[in-house]
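Asker: Sharing a structure with you now.
The values are calculated or read from the model by the stated rules, or taken from the named source; none is laboratory data. Keep in mind the model is a prediction, meaning the values are calculated, not measured. Ideal geometry is used to build each Cβ from the backbone, glycine not excepted, and the neighbour counts take in all protein chains shown.
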Amino acid sequence: MLVGGLLGVAAAKSDRFSAVLKPVCDALQTMPQFIFLIPALMFFQVGELTGLIATALYAIVPPIRYVEYGIRSVPADLVETSRQIGCTAWQRLLHVELPVAKPVVVLGVNQTIMAALSMLPVAALVGTKDLGQQVYIALSKADAGQGLVAGLSIALVAMISDRIMRATVSNADGVLD
């Protein structure tokens, strides 16, 4: 999320960087999940690190796109007002643009979590030891009960994180009004 967010901020501030980054994001977003395992396996051995790298590559697109969109959609009058009162570029970013873009950025965090959770069963193919591994084990044993419990656990983690993100945005709405 941090790397994607920083890339999103850079893309929002530079049209040239955004133009270079957009086809990369398009390519990453359209590739099947299994494809992310191949370059990770080429450079690293089977294990947790490979699964983490493949998951990070798959989940990096939402924060880039949402942060860029959020910052670009800040009203121009707010940006101009902050310039007129003497804010530096960093002050404008930290105290004006990011707080106004917070609902969109939080949505990007939510989508990043969802993408990472959807990658768990795929990353289990390279030896990760998490809920995705439990889905993989259940699949290999044709154990519907274990697979259902593991899949529902992943879905429950996703729903809990979604509720936390919604609460974050709804609490922020009261502060910003």
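Asker: Being exposed (fewer than 10 other Cβ atoms within 10 Å of the Cβ) and within 17 Å of the chain's Cα centre (by Cα) is the filter here; which residues of the stretch 13-31 pass it?
Answerer: 30, the sole residue that qualifies.
Asker: Still on this structure, please answer the following. Report, by residue number, each residue of the stretch 50-102 that is surrounded by fewer than 16 Cβ atoms within 10 Å (Cβ to Cβ) and among the polar types (S, T, N, Q).
Answerer: Selection gives 73, 81, 84, 88, 91.
Asker: Which of the residues that make up the stretch 118-131 are assigned to a helix (DSSP H, G or I), crowded, with 19+ Cβ neighbours inside 10 Å and touching a residue at least 40 places away in the same chain (Cβ under 8 Å)?
Answerer: Within the stretch 118-131, 119, 120, 122, 123, 124, 126 meet the criteria.
Asker: Which ones in the stretch 134-152 are surrounded by fewer than 14 Cβ atoms within 10 Å (Cβ to Cβ) and either at pLDDT 85 or above or of a type in the set (A, V, I, L, M, F, W, C) (or both)?
Answerer: Taking the stretch 134-152 as the starting set, the residues that turn out to be surrounded by fewer than 14 Cβ atoms within 10 Å (Cβ to Cβ) are 140-142, 144-145, 148, 152.
142, 144, 148, 152, listed by residue number.
Asker: Which fully enclosed helices (runs of 4 or more DSSP H) of the stretch 1-108 have 3 or more residues being among the aliphatic types (A, V, I, L, M) and modelled with pLDDT under 90?
Answerer: Values: elements: 2-13, 15-30, 37-43, 48-59, 61-72, 76-84, 89-92.
The qualifying helices (runs of 4 or more DSSP H) are 37-43, 48-59.
Asker: When you check residue 155 against the structure, is it in a helix (DSSP H, G or I), crowded, with 18+ Cβ neighbours inside 10 Å and at pLDDT 75 or above, yes or no? Give the steps one after another, and end with the answer.
Answerer: Details: in a helix (DSSP H, G or I): yes; crowded, with 18+ Cβ neighbours inside 10 Å: no; at pLDDT 75 or above: yes.
Taking the combined requirement at face value, the residue does not satisfy it.
Asker: From the list 63, 32, exactly one residue is in contact (Cβ under 8 Å) with a residue 60 or more places away in the chain and not hydrophobic (A, V, I, L, M, F, W, C). Which is it?
Answerer: Values: 32 fails: in contact (Cβ under 8 Å) with a residue 60 or more places away in the chain.
Answer to the selection: 63.
Asker: Out of the residues in the stretch 103-117 that are among the β-branched types (Val, Ile, Thr) and within 28 Å of residue 44 (Cβ to Cβ), which is surrounded by the most Cβ atoms within 10 Å (Cβ to Cβ)? Show your work before the answer.
Answerer: Filtering the stretch 103-117 for residues among the β-branched types (Val, Ile, Thr) gives 104-106, 109, 112-113.
The next check asks that each one be within 28 Å of residue 44 (Cβ to Cβ); those that pass are 109, 112-113.
Details: 109: 20, 112: 23, 113: 20.
My answer is 112.
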